[in-house]
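Worksheet: one structure, shown below.
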Amino acid sequence: MVPFKKRRIQLHTASSGDGTIKYPQVVIFLLERKMGASRKSFLTQLGRGKGFLVEESFNQSVTHVVSENNSGDEARTWLNSQLSKQLGVEKNSTREEIHVLDISWYTESMRAGCPVDILDRHRLQTQECGTELTEFSVPSYACQRCTPLMGHNSRLTDALSILADSAEFSENEGRSVAFRRAAAVLKFLPQPVTRLKQLHGLPCLGEHSLRVIKEILEEGVSLEVETTKHSKQYTVLKILTGIFGVGVKTADRWFREGIHTLSELRRSGHALNRAQQAGLQHYEDLNLPVTKTEAVIIGQIVKKAVNAVLEGAEITLIGGFRRGKQTGHDVDFLITHPEESREEGLMPKVVFWLESQGYLLYQKTTRNSYLEANEGPGQPSSNMDRFERCFLIFRLPVDTDEGKVQMERLRGLPTQTENCTNMRTPVDGETETKTHPSVDASTQKRIPVLEPTQGSRDQPWRAVRVDLVVSPHSQFAFALLGWTGSKLFERDLRRWAKQEKAMSLSSHALYNSIQGTYLRASSEEEIFAHLGLEYIPPSERNA
C-alpha cells in the first residue's frame, strides 16, 4: 500500500467536481469486467458526487475493488494479474490489504452517503482465500441425524420457525412442517452457512425456504419474516394460543371477532371451559420458562406422591429436559412399574394425593384406551397416544421465605414458626382433607387452601404446566422414545418406519406390517435396531 501522505497527493487528480474527498482512507476501483463501460462511468460519477474517491484505473493506492456479476475467483484472478504485471508486486503480498467486494457494498454505501461496514455477505468468497467453501451432506430423515441443542445457524432457523408458526396459525400443516424440516436441516449443519451454494442438493429445502435464506444471507433480514413477525394476526394469535386449553381454531375465531388482548377476552363474556379458565387465570406464570431446577423439584414431589400410593413405581423426567434443555414451557413425567399391570389405577391415586397436599390448581385425567389387536394397531383418531395421563397446572412454592414456609406446610411438615409438639387447628381458608380409601391415612395432613392471586408476582408460589403419563412396563421403551421428542424427530421416526421399513411405530408399539407381528423392545436401543437405524442419544434428538 502507498503511505497515506503520498496517497493524498493522488486524491485531487482522481476526483471530479470541486475535488472534495470526504473519505480519503477509502480508495475504490470499479472492475469493468462484466459491468460494462457505461455503467461503470455512471457509478463512478455517482460515487464522486457523494465525496468518494473512485479511481479511473487500478493503481497501488486502491483499497477497495468492487465487482459486479463476477465470482470471487474471477475477481481475485484479475486482481492478482494486475498486482504482478502492472505493478510488479508478488501475487500474494498485498492480498489482505485490498478488499474484494460485491457491488452491494458500493450501492449500500451510496444510499448511506458514507462507507458502510463490510459484512461477510459483501465479500466475494474464493477457494484461494485459505478455506474452501464447504458444501454439506445431510441425511433425509431427522431420525438419521445427530442434532444438538444449539446450532450454528440460529438466525436462519429462527426465521423459518416464525414462518412455520404463521402457517400453523393459518391451519396449513403441510407448509408448517415444510418450514420446520428446512429449519431442522440448517440446525444440523456443523458450521454457519455463508453462501446459498453450500446448500445445493440438501433435502427438505424447498424454493420458499431457499428464497428466505438467500435474502437473509444477502440483506441481513427477510422482508417476509419481518412483515409476518410484526403483523397483527401473528402477534395476537401468539398471545391467544399461549392460553392453556386454547388451540389455533379457537384463537383464530376470537381474533376475527375482534378479541386481540387478554383483557378483551375477559370482558367478552365468552364461556370458557375449565382448562381455558385456568389458563387465562394463570397466563403470566404459564408463559414463563420453567427451569431445570424447578422441574427437578416438581419431580421430587411427584415421586413422593407415586411412592405413597404404589411402592416400587418408577418415574422418569422426559420431554425437552431429557434432551438436555435447561428451560421449557412445561414438565413431563413418565411413570411405570416393573411388574406388569401394577400401574393400573395408579393415576387417580397420585392425583388425589397431590390435590390433598395442595399442589394442584387444575387437573384433567384421561384413561388408557390402547388396545393391541392381532391384525395390527388401529389408526388413532389423533396424533396423541392413548396412555392414561393427567394434564396438570401445578402450584410450585417459590424460593422465598414465604414460599419455604408454604412448601413445608404443603408437605405436611411443621414450620420453624410453629410448635412441632402441638396439633395445628384450622384457620380461615383451611379445610381438613378427606382420606382416599387407597391412600395411607398417615400421609394425610391438614393443609391450607390458598386462592390464586391473578397476575401477582409476589405470591409465594407459581403455576407450572405438568403432564403425567402412566405406561405399562411392556410399552415403557416406546413411551420413553415417543415422549422424549423432539416433535419433528418423532414425526420422522414414524415416517421412516412406514416408508422405509413397512412398519407402524407409535408410543405404544412397533408393528411389522409385512410379517404381521409386533416387535418387542425393552430399550430405545432395541427400537432403533428394529428400524435399522443407528442409535441417537436423547441429547442429539433436537431437530
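Key figures for this structure:
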{"item": "Cut-off under 5 Å, modelled amide H: who pairs with Trp461 long-range", "result": "Val398"}
{"item": "Phi-based couplings in Hz for the stretch 273-280 (Karplus 6.51, -1.76, 1.60; Gly and Pro marked x)", "result": "6, 4, 5, 5, 4, 5, x, 5"}
{"item": "Amide proton proximity set for Asp332, modelled H, under 5 Å, gap of 5+", "result": "Ile318, Asp467"}
{"item": "Estimated vicinal HN-Hα couplings, Hz - the stretch 143-157 in sequence order (Karplus 6.51, -1.76, 1.60; Gly, Pro = x)", "result": "6, 9, 10, 8, 10, x, 5, 10, x, 9, 10, 4, 4, 6, 5"}
{"item": "His508, His99, ranked by accessible area, largest first (probe 1.4 Å)", "result": "His99, His508"}
{"item": "Computed FRET value (nearest 0.05) for His200 with Lys22, which takes r as the C-beta separation and R₀ as 41 Å", "result": "0.50"}
{"item": "Options Ser231, Ile315, Ala271, ranked by Cα towards positive dipole end of the stretch 218-338, top entry (Cβ charges)", "result": "Ala271"}
{"item": "The stretch 169-174 - phi-based ³J(HN,Hα) in whole Hz, Karplus 6.51/-1.76/1.60, Gly and Pro as x", "result": "5, 8, 6, 9, 5, x"}
{"item": "For the stretch 153-289, alpha-carbon Rg relative to the globular expectation (2.2 N^0.38 Å, N residues)", "result": "1.24"}
{"item": "Placed amide H near Leu510: partners under 5 Å, 5+ positions off or other chain", "result": "Leu519"}
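The values are calculated or read from the model by the stated rules, or taken from the named source; none is laboratory data. Quick caveat: nothing in here was measured; it's all calculated off a predicted structure. Methodologically, a virtual Cβ is constructed for each residue, glycine included, from the backbone with ideal geometry; neighbour enumeration extends over all protein chains shown. Surface areas here come from the heavy atoms of the whole protein model, side chains and all, with no ligands, DNA or RNA. Shrake-Rupley method; radii C 1.70, N 1.55, O 1.52, S 1.80 Å.
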